[in-house]
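Before any comments, here is the structure.
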Amino acid sequence: MGSKRQFRIWRGDEDGGDLQDYMVEVNEGEVVLDVIHRLQATDAPDLACRWNCKAGKCGSCSMEINGKPRLACMTRMSTFEPDETVSVTPLRTFPVIRDLVTDVSFNYEKARETPAFAPPADVPPGDYRMQQVDVERSQEFRKCIECFLCQNVCHVIRDHEENKPAFSGPRFFIRAAELDMHPLDTRTDRKEYAQAEMGLGYCNITKCCTEVCPEHIKITDNGIIPMKERAVDRRYDPLVWLGSKIFRRGETPQTSVTSARAAGPATPSTTRGGVHSHAGGSHDPQAEAQAQSGVNWHREVPHPTAPAVDERGKLPLTELTFDRAAAPSPFGDDVTFPLPPEHLNFAHPEQDKH
Amino acid sequence: MTTTTRIERHHYDVVVIGAGGAGLRAAIEARLAGKKTAIISKSLFGKAHTVMAEGGAAAAMGNVNPRDNWQVHFRDTMRGGKFLNNFRMAELHAKESPQRIWELETYGALFDRTKTGKISQRNFGGHEYPRLAHVGDRTGLELIRTLQQKIVSLQQEDKREFGSYDARIRVFAETTVTELLLDGDRVAGAFGYYRESGEFVLFEAPAVVLATGGVGRSYKVTSNSWEYTGDGHALALRAGANLINMEFLQFHPTGMVWPPSVKGILVTESVRGDGGVLRNSEGKRFMFDYVPDVFRKQYAETEEEADRWYTDPDNNRRPPELLPRDEVARAINSEVKAGRGTPAGGVFLDIASRKSADEIRRRLPSMYHQFKELADVDITKEPMEVGPTCHYVMGGVEVEPDSGAAVGHVRGLFAAGEVSGGMHGSNRLGGNSLSDLLVFGKRAGGHAASYADSLPERPKVAVQAVEAAVETALAPLQRDTGESPYTLQQDLQAVMGDLVGIIRREGELADALVRLAELRERVAKVSAAGGRRYNPGWHLALDLRNMLVVSECTAKAALERRESRGGHTREDHPAMDPRWRQVNLVCSLEGDAVQLARKPLPKMRPELIALFDRAELAKYLTDEELAEFDALAEEAGN
């Protein structure tokens with residue numbers, strides 16, 4: 001039943017490498033990871049590749065298969081044409097260690113920086129009471145298997161090493177969302193923290209993370225957008241703004257987060273994160289400049305960029321596989337314009353200063 | 001020597017080898033006791049095999065059925081293990097698992113809830129009442145993530161206090177320990193390598209907790225990941241500790257057998273708990289033919305009664321699909337051998353015709369997605385093809401029940417979780433392993449910490465031992481004449497799968513020992529191509545000797561135990577023998593050779609044995625033991 005199939009696998013390390021061709025036997029019902037294991041047992045015993053459960057539960061075998069971030073254990077060979085060459089490359093957003101193995105320590109560092117669950121002090125173990133409907137929202141995010149495909153595909157850090165220090169990425173936005181929605185978590189500043197310290201504002205909601213999530217977590221719709229919305233509600237509520245204009249007081253509630261990075265002369269008002277102005281759909285250059293000057297990123301603010309193209313001048317596959325021409329709306333497809341003001345998901349950081 | 005001086009060295013109070021549930025729980029406990037703790041993880045942090053556990057964690061909280069309590073849980077555990085369990089471990093486990101589960105909630109875990117907002121509990125094979133705390137069918141993931149996040153929160157505390165996340169608890173990801181180092185009979189440290197760089201690393205520590213999981217990679221069809229090469233078992237043996245019950249391996253009855261992309265992957269027991277039934281190729285629901293006498297009273301005799309149980313468990317007996325795992329595995333094996341199996345050598349597990357598609361998707365979301373995506377099988381539309389797959393090893397390091405300290409010629413060595421033996425006897429109930437990890441992980445971590453405190457001075461690592469460890473580790477890379485580690489692993493898997501598998505015979509076991517001896521020669525000469533950086537061939541070559549010595553223990557013990565019990569089935573000795581119940585088979589290492597000895601089982605305390613009916617005990621105990629029980633009962637009556 002087996003047939004010989006053409007594989008191109010990236011071999012190398014941080015000093016460089018290239019795609020190597022292999023002809024390898026493929027049997028009915030196999031997945032890409034089966035084929036990689038066969039290669040290890042035959043032609044390439046030292047081919048480096050992470051895997052554990054081979055069942056889509058541990059998130060170890062993340063790689064890019066024909067350019068698309070996938071779990072190798074969940075990519076069936078039957079999804080390719082019989083004569084199609086399958087190319088396998090390491091995750092691009094993280095430094096290569098060897099072959100298909102990358103250094104994903106970025107994610108563990110971000111995990112360590114995300115404030116942990118804050119249990120209620122007065123509820124003893126065994127007395128926690130929560131309703132199913134209330135835990136389900138957080139449970140969706142706790143399905144995360146930490147494959148880091150969402151991190152890998154995120155435009156903010158893919159090919160933008162310089163954004164990594166200030167940006168935690170979708171995996172940790174849903175961690176923040178999960179804690180924010182946890183019925184018994186006692187911290188009340190999860191959203192503000194995400195905005196101020198995790199770089200939530202960088203996200204321009206292209207939903208690529210949601211698209212690659214093997215657990216089908218609605219990262220953007222259920223995690224990031226609700227986190228952005230309330231952060232914006234608090235910061236930019238027109239009535240509060242008007243009140244502060246009239247009575248010359250009442251800063252909108254500010255984040256009480258203390259930042260390791262913002263230590264020093266930076267004032268709280270400058271650490272409050274902004275949003276890419278283009279994420280809100282604004283094309284007013286003045287507003288853009290204003291938004292950027294109001295935010296202290298401790299580095300040059302990246303300018304809006306067109307989607308990256310590969311060496312053939314084509315868009316990356318996430319866009320290619322989309323069901324229409326051009327990039328998807330950053331607002332999501334279910335949104336019509338003009339937006340009602342209360343749904344605008346961008347902030348004018350300068351607004352409440354006036 | 002230059003090689004040893006360049007080795008990275010770390011000093012810790014407690015080194016935990018293994019970053020699954022037991023390891024993380026042990027590390028948390030050691031750190032809470034104020035010890036400087038290292039966690040050594042063979043994979044990335046959070047990828048441990050614990051994530052595979054689906055059903056839940058058994059704990060007699062009584063949230064769903066208030067009649068549940070630790071005594072009932074204890075009884076179920078002993079029954080499941082066919083009374084070969086270390087009773088004290090089963091007792092501690094039943095008593096402490098509710099607290100361990102509740103504790104997880106304070107770490108942030110979100111279990112599924114009952115209507116009153118408590119932790120929901122589900123039915124599972126072998127448990128009298130609904131007892132398994134669960135999160136859909138990804139309970140293991142919840143557990144590992146919760147513990148992982150608790151460790152992060154402790155690191156955040158340390159960062160605030162000492163300025164460094166790693167001040168008191170550090171995770172060494174993708175690091176494999178190849179040797180334990182001793183000072184006389186005391187543990188002095190652990191030696192290993194970083195997978196990423198291939199560089200060696202030495203941990204000097206007076207206390208080591210083994211939490212390395214199981215041995216399943218020695219089998220052809222297994223649900224276990226590449227990590228499960230019996231490292232902890234082998235390290236313990238080489239350090240002078242004993243292994244017990246190594247003949248008992250659990251073959252999960254329902255692993256996928258087709259298509260190959262999912263071969264070995266488990267179909268959780270909850271599929272059967274939620275109404276799934278087993279049918280042979282003739283469409284017959286065959287489990288009714290396989291109810292053993294000891295279980296006859298608890299299990300339904302007709303399909304009608306079995307089907308009523310799902311909605312009215314108090315007035316009906318359980319469906320035979322929910323018999324303990326070994327019974328189900330044996331039944332499937334018999335059906336297949338009788339020619340009533342599927343083409344791929346399994347039977348059908350059908351839930352599609354019994355529940356609505358919506359309900360299946362809601363109750364078994366991961367199952368549904370897993371098979372849809374991995375194999376393009378829609379479990380709401382078609383039955384699954386399942387058969388026995390190597391899943392869990394009951395045997396492991398012989399430990400003191402209360403402390404988890406290894407028994408044998410070594411001090412400072414502790415074990416918890418799958419790598420330890422005794423708790424589950426001859427067979428583990430589903431759901432008991434997640435609670436086992438928590439209960440004994442905490443105990444081992446705590447006792448390792450107090451052991452480290454009790455030492456007047458630190459044991460010293462001998463330079464020669466480190467040099468020898470370096471040499472052993474580099475040997476496969478320096479040879480180019482030997483065989484490929486992959487070939488050797490396949491050959492080992494063939495020997496174990498074919499000759500020491502689910503149904504065993506004397507001749508085959510003897511044959512297996514001969515072949516294992518041959519393999520030992522070949523493994524000693526294995527060579528790995530390539531360099532030291534992230535070289536899976538080299539890693540496998542180093543794991544092979546662990547797999548081999550553990551396989552020898554299993555084969556030897558399986559040959560010796562001339563009865564069938566739990567996870568050990570002898571075709572030539574098909575019955576359970578009460579005299580064998582009094583015996584543990586203990587493996588130890590003398591030089592390179594595996595030694596086997598018989599050791600009497602500890603005797604259950606009177607108040608514990610009094611929890612059982614005489615009629616039930618009669619199935620397991622010898623006449624003398626029963627006479628003793630009667631005397632006790634009489635005394636109590638007076």
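Exactly one condition in (1) touching an Asp or Glu at 6+ places or on another chain (Cβ under 9 Å); (2) on the phi < 0 side of the Ramachandran plot; (3) modelled with pLDDT under 95 is not met by residue B:579; state its number.
(3)
Kindly check whether there is at least one residue in segment B:234-252 that is crowded, with 24+ Cβ neighbours inside 10 Å, within 10 Å of chain A (Cβ to nearest Cβ) and either assigned to a strand (DSSP E or B) or within 18 Å of the chain's Cα centre (by Cα) (or both).
There is no residue in segment B:234-252 that is crowded, with 24+ Cβ neighbours inside 10 Å, within 10 Å of chain A (Cβ to nearest Cβ) and either assigned to a strand (DSSP E or B) or within 18 Å of the chain's Cα centre (by Cα) (or both).
Residues B:371, B:288, B:348, B:295: which one is closer than 30 Å to residue A:58 by Cβ and in contact with a Pro (Cβ under 9 Å, 6 or more places away or on another chain)?
Unique residue meeting the criteria: B:348.
Checking the condition in contact with a strand residue (DSSP E or B) (Cβ under 9 Å, 6 or more places away or on another chain), in contact (Cβ under 8 Å) with a residue 60 or more places away in the chain and assigned to a helix (DSSP H, G or I), which residue from B:141, B:182, B:147, B:154 passes?
On the way: B:141 fails: in contact with a strand residue (DSSP E or B) (Cβ under 9 Å, 6 or more places away or on another chain); B:182 fails: assigned to a helix (DSSP H, G or I); B:147 fails: in contact with a strand residue (DSSP E or B) (Cβ under 9 Å, 6 or more places away or on another chain).
That would be B:154, the only listed residue that is in contact with a strand residue (DSSP E or B) (Cβ under 9 Å, 6 or more places away or on another chain), in contact (Cβ under 8 Å) with a residue 60 or more places away in the chain and assigned to a helix (DSSP H, G or I).
From the list B:593, B:631, B:618, exactly one residue is open to solvent by 20 Å² or more (accessible area, probe 1.4 Å), out of contact with any strand residue (DSSP E or B) (no Cβ under 8 Å at 6 or more places or on another chain) and closer than 30 Å to residue B:494 by Cβ. Which is it?
B:593
Looking at (1) over 25 Å from residue A:143 (Cβ atoms); (2) assigned to a strand (DSSP E or B), which is the one condition that is false for residue A:63?
(1)
Restricting the search to segment B:452-473, which residues are aliphatic (A, V, I, L, M) and part of a loop (DSSP other than H, G, I, E, B)?
B:455, B:461, B:462 - these are the residues of segment B:452-473 that are aliphatic (A, V, I, L, M) and part of a loop (DSSP other than H, G, I, E, B).
Going by what's in this entry, would residue B:331 be described as open to solvent by 40 Å² or more (accessible area, probe 1.4 Å) and touching a Phe, Trp or Tyr at 6+ places or on another chain (Cβ under 8 Å)?
no
Output the qualifying pairs, or none if there are none: Cβ atoms under 8 angstrom, residues six or more apart or on different chains, first residue in segment B:335-354 and under 8 Å from residue B:280 (Cβ atoms) and in contact (Cβ under 8 Å) with a residue 24 or more places away in the chain, second residue buried (at least 21 other Cβ atoms within 10 Å of the Cβ) and among the charged types (D, E, K, R).
B:341/B:335; B:347/B:335; B:347/B:385; B:348/B:385
Which number in (1) modelled with pLDDT of 95 or more; (2) within 13 Å of chain A (Cβ to nearest Cβ); (3) in contact with a helix residue (DSSP H, G or I) (Cβ under 8 Å, 6 or more places away or on another chain) marks the one condition that residue B:160 misses?
Checking residue B:160 against (1) modelled with pLDDT of 95 or more; (2) within 13 Å of chain A (Cβ to nearest Cβ); (3) in contact with a helix residue (DSSP H, G or I) (Cβ under 8 Å, 6 or more places away or on another chain), the one that fails is (3).
Do we find a residue being crowded, with 24+ Cβ neighbours inside 10 Å, over 13 Å from the mean Cα position of the chain (by Cα) and within 25 Å of residue B:111 (Cβ to Cβ) anywhere in segment A:183-190? Give the derivation first.
At the first step, the residues of segment A:183-190 found to be crowded, with 24+ Cβ neighbours inside 10 Å are A:190.
Now restrict to residues that are over 13 Å from the mean Cα position of the chain (by Cα): A:190.
With the extra rule that they be within 25 Å of residue B:111 (Cβ to Cβ), the set shrinks to A:190.
Yes, that holds for at least one residue.
Please find, within segment B:416-469, the residue that is most open to solvent (accessible area, probe 1.4 Å) out of those that are more than 21 Å from residue B:37 (Cα to Cα) and of a type in the set (Val, Ile, Thr).
So, considering only residues that are more than 21 Å from residue B:37 (Cα to Cα) and of a type in the set (Val, Ile, Thr), the one most open to solvent (accessible area, probe 1.4 Å) is B:463.
Could you list all residues from segment B:391-410 that are open to solvent by 30 Å² or more (accessible area, probe 1.4 Å) and either part of a strand (DSSP E or B) or not assigned by TED's automatic domain parsing to the domain that holds residue B:187 (or both)?
Result: B:391, B:408.
Listed residues B:476, B:388; which is touching a His at 6+ places or on another chain (Cβ under 8 Å) and not in a loop (DSSP other than H, G, I, E, B)?
B:388
Which condition from (1) out of contact with any helix residue (DSSP H, G or I) (no Cβ under 8 Å at 6 or more places or on another chain); (2) at pLDDT 95 or above; (3) hydrophobic (A, V, I, L, M, F, W, C) is the one that residue B:494 breaks?
Condition not satisfied by residue B:494: (2).
Take the conditions within 25 Å of residue B:411 (Cα to Cα) and touching a helix residue (DSSP H, G or I) at 6+ places or on another chain (Cβ under 8 Å) and apply them to residue B:50. Does it pass?
Details: within 25 Å of residue B:411 (Cα to Cα): no; touching a helix residue (DSSP H, G or I) at 6+ places or on another chain (Cβ under 8 Å): yes.
Judged against the criteria, residue B:50 is not a match.
When segment A:192-207 is examined, which residues are found to be part of a helix (DSSP H, G or I) and open to solvent by 10 Å² or more (accessible area, probe 1.4 Å)?
Selection gives A:192, A:193, A:196, A:197.
Could you figure out which of (1) surrounded by fewer than 24 Cβ atoms within 10 Å (Cβ to Cβ); (2) within 18 Å of the chain's Cα centre (by Cα); (3) not acidic (Asp, Glu) isn't true of residue A:63?
(1)
Which pairs turn up if I take residues in segment A:112-139 that are more than 7 Å from chain B (Cβ to nearest Cβ) and look for partners that are open to solvent by 80 Å² or more (accessible area, probe 1.4 Å) and assigned to a loop (DSSP other than H, G, I, E, B) with beta carbon separation below 6 Å, at least 6 apart in sequence or on another chain?
Qualifying pairs under 6 Å: A:118/A:187.
Among all residue pairs at least 6 apart or on different chains, which show Cβ distances below 9 Å where the first residue, located in segment B:527-541, is outside any helix (DSSP H, G or I) and the second is among the β-branched types (Val, Ile, Thr)?
Matching pairs, first to second residue: B:527/B:481; B:533/A:97; B:534/A:97; B:534/A:101.
Can you say whether residue B:354 is open to solvent by 40 Å² or more (accessible area, probe 1.4 Å), under 31 Å from the mean Cα position of the chain (by Cα) and more than 22 Å from residue B:250 (Cα to Cα), as far as the supplied structure shows?
no
Tell me, which residue of segment A:21-48 that is under 21 Å from residue A:214 (Cα atoms) and at the interface with chain B (Cβ under 7 Å from one of its Cβ atoms) is surrounded by the most Cβ atoms within 10 Å (Cβ to Cβ)?
The selected residue is A:31.
Which pairs turn up if I take residues in segment A:169-181 that are outside the structural domain of residue A:117 (by TED's automatic domain parsing) and look for partners that are open to solvent by less than 10 Å² (accessible area, probe 1.4 Å) with beta carbon separation below 6 Å, at least 6 apart in sequence or on another chain?
none
If the Cβ limit is 6 Å and pairs must be 6+ apart or interchain, which residue in segment B:70-93 that is in a helix (DSSP H, G or I) pairs with which residue that is among the hydroxyl-bearing types (Ser, Thr, Tyr)?
Here the result reads B:90/B:77, each pair linking segment B:70-93 to a residue that is among the hydroxyl-bearing types (Ser, Thr, Tyr).
Is it the case, given these coordinates, that residue A:101 is more than 16 Å from residue A:7 (Cβ to Cβ) and either under 24 Å from the mean Cα position of the chain (by Cα) or at pLDDT 95 or above (or both)?
yes
How many residues are facing chain A (nearest Cβ under 9 Å) and crowded, with 24+ Cβ neighbours inside 10 Å if we restrict to segment B:109-137?
Going through segment B:109-137 one residue at a time, the tally reaches 5.
Just checking, which of B:219, B:193 is buried (at least 21 other Cβ atoms within 10 Å of the Cβ), under 19 Å from the mean Cα position of the chain (by Cα) and not small (Gly, Ala, Ser)?
Checking each option against the conditions leaves just B:219.
Of everything in segment A:140-150, what is part of a helix (DSSP H, G or I) and either within 21 Å of residue B:100 (Cβ to Cβ) or within 8 Å of chain B (Cβ to nearest Cβ) (or both)? Give them in sequence order.
If the condition is that a residue be part of a helix (DSSP H, G or I) and either within 21 Å of residue B:100 (Cβ to Cβ) or within 8 Å of chain B (Cβ to nearest Cβ) (or both), then A:142 is the only one that fits.
The values are calculated or read from the model by the stated rules, or taken from the named source; none is laboratory data. What you see is a predicted model, and the numbers here were worked out from it, not measured in a lab. So basically every Cβ, Gly included, is an ideal-geometry build from the backbone, and we count neighbours across all protein chains shown. Accessible surface areas use protein heavy atoms only, side chains included; no ligands, DNA or RNA. Shrake-Rupley method; radii C 1.70, N 1.55, O 1.52, S 1.80 Å.
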